[in-house]
Amino acid sequence: MSRAAIFLDRDGVLNDPVPDGDGPPESPYHPEDVHLSTGAVEGARALRAAGFALVVVTNQPAAAKGTATVAALMAVNSRVREVLADAAVELDGWYTCLHHPAGTVPELSGPCDCRKPAAGMLLQAARELDLDLAASWIVGDSDSDVGAGERAGVRTALVEHPGSAHRRSDLVAPDVRAADLAEAAAAIVAAA
Ligand SMILES: [Mg+2]
Ligand SMILES: [Zn+2]
């Protein structure tokens, strides 16, 4: 029987964006820069306790842009998974889009089906993990997360992390708005 899932964006939901000079905060590019966000562990535990599969879906275009190596991005993914495991949060799946439509590294650049707001990672996970999309949600901190959820036919929760305000507009209409994953989880469990 297919399972309901929570698709979790990584940066701004599970871990904090990292200050980046005068520009907006960026994804961590070094494992030592990984710090879990407020409410991440509490929220993930509550969602798993409610029976949802937890599946990370993350856009990581820095290697396509030539500003980080694929190995560095994978090391950060591993660190996030490790610190969550240390807090007794197990994940059911993890999907990473390494592409960027206007990247500089040819093999990672150009259009793809997986970069959110496309639904490719969610649809692939649904096939591979036998997930019930109609009973599932995405939790993200950007318009593109909400868009990917809408395209995949899941409900949407927008986490309003202060470090990623530049990735949100009033143009999206998520089903839930929350300050962090714990608050989103409470709303999702109440709605289920
Ligand atoms: Mg994010
Ligand atoms: Zn992609």
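The values are calculated or read from the model by the stated rules, or taken from the named source; none is laboratory data. Computed from a prediction, not measured in an experiment: that's the story for all the values here. Positions of Cβ are backbone-derived with ideal geometry, glycine not excepted, and every protein chain shown enters the neighbour counts. Quick note on the areas: whole protein, heavy atoms, side chains included, nothing else; ligands and nucleic acids left out. Shrake-Rupley method; radii C 1.70, N 1.55, O 1.52, S 1.80 Å.
Overview of results
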{"read-out": "Matching residues in segment 58-79 - criterion: being in contact with a strand residue (DSSP E or B) (Cβ under 9 Å, 6 or more places away or on another chain), open to solvent by 40 Å² or more (accessible area, probe 1.4 Å) and not in a loop (DSSP other than H, G, I, E, B)", "value": "Met74, Arg79"}
{"read-out": "Subset of segment 80-102 that is assigned to a helix (DSSP H, G or I) and not β-branched (Val, Ile, Thr) - its residue that is most open to solvent (accessible area, probe 1.4 Å)", "value": "Asp86"}
{"read-out": "Segment 139-154 residues that are within 13 Å of Ala178 (Cα to Cα) and touching a residue at least 24 places away in the same chain (Cβ under 8 Å), paired with ones that are aromatic (Phe, Trp, Tyr) and within 16 Å of ligand 1 (Cβ to nearest atom) (beta carbon under 9 Å, 6 or more apart)", "value": "Val139/Phe7; Gly140/Phe7"}
{"read-out": "Count - residues of segment 160-192 that are open to solvent by 90 Å² or more (accessible area, probe 1.4 Å), at pLDDT 95 or above and either farther than 22 Å from His35 by Cβ or small (Gly, Ala, Ser) (or both)", "value": "2"}
{"read-out": "Any pair with Cβ under 6 angstrom, 6 or more apart, that starts in segment 110-129 at a residue that is without any contact (Cβ under 8 Å) to a residue 40 or more places away in the chain and ends at one that is part of a helix (DSSP H, G or I) and within 9 Å of ligand 2 (Cβ to nearest atom)", "value": "Asp113/Gly120; Cys114/Gly120; Cys114/Met121"}
{"read-out": "Test: residue in segment 109-117 that is touching a strand residue (DSSP E or B) at 6+ places or on another chain (Cβ under 8 Å), closer than 21 Å to Ala63 by Cβ, within 16 Å of ligand 2 (Cβ to nearest atom) and among the hydroxyl-bearing types (Ser, Thr, Tyr)", "value": "yes"}
{"read-out": "Which listed residue is open to solvent by 70 Å² or more (accessible area, probe 1.4 Å), within 27 Å of Val18 (Cβ to Cβ) and not aromatic (Phe, Trp, Tyr), from Arg151, Arg48, Arg127", "value": "Arg48"}
{"read-out": "Checklist (1) part of a helix (DSSP H, G or I); (2) within 16 Å of ligand 2 (Cβ to nearest atom); (3) of a type in the set (Asp, Glu) applied to Glu150, failing item", "value": "(2)"}
